[in-house]
1. Percent of Cα-Cα pairs more than 19 Å apart in the chain, please.
2. Does anyone have the angle between helix 25-40 and the longest principal axis of the chain? Alpha-carbon axes, 0 to 90°, nearest 10?
3. Run the numbers for Ala13 and Glu40: contour at 0.36 nm per residue of separation, minus the present Cα-Cα distance, in nm.
4. Rank Ile69, Ile57, Ile16 by mean-square fluctuation in a GNM of the chain with C-alpha springs under 10 angstrom and give only the top-ranked residue.
5. For the chain, give the percent of accessible area contributed by carbon and sulfur heavy atoms, probe 1.4 Å, rounded to a whole number.
6. At 1.4 Å probe radius, can you tell me the per residue accessible area of the chain in Å²?
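The values are calculated or read from the model by the stated rules, or taken from the named source; none is laboratory data. If you're wondering where the values come from, they're calculated on a predicted model, not measured in any experiment. Side chains included, ligands, DNA and RNA excluded: accessible areas come from the protein's heavy atoms. Shrake-Rupley method; radii C 1.70, N 1.55, O 1.52, S 1.80 Å.
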Amino acid sequence: MDSGTIASFLPFAAMILVLYFFMIRPQMNKQKKEKAFLAEIKKGTKVVTSSGIHGKISEINASDNTVTIETGAGKIRFERSAISLELSKKYMVTDKK
């Protein structure tokens with residue numbers, strides 16, 4: 001390989017590196033955090049589902065990977081993966097007076 005061939009390959013290698021560091025790596029980190037969050041949820045945690053339903057976890061069924069969420073309308077059963085975030089973490093605001 002001569003230096004011209006290597007020089008023409010460098011822009012493609014740079015694009016792959018940029019793609020990895022700005023798109024692939026952050027997505028992998030986000031998936032790890034979501035997986036850890038879903039593993040650590042427990043009974044009594046206030047959550048929001050991916051469809052926007054707010055409620056409190058009243059039961060966790062590990063055998064079929066579902067949770068029962070108590071809402072104002074009653075109890076609803078969801079897949080564990082449908083939980084998008086913990087409500088207390090969404091609204092963590094310090095009151096400065």
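1. Counting every Cα pair in the chain, those more than 19 Å apart make up 58 percent.
2. 20
3. Length gained, Ala13 through Glu40: 5.8 nm.
4. Of Ile69, Ile57, Ile16, the Gaussian network model singles out Ile16 as fluctuating most.
5. The nonpolar share, carbon plus sulfur, comes to 61 percent.
6. Details: 7750 Å² over 97 residues.
I get 80 Å² per residue for this part.
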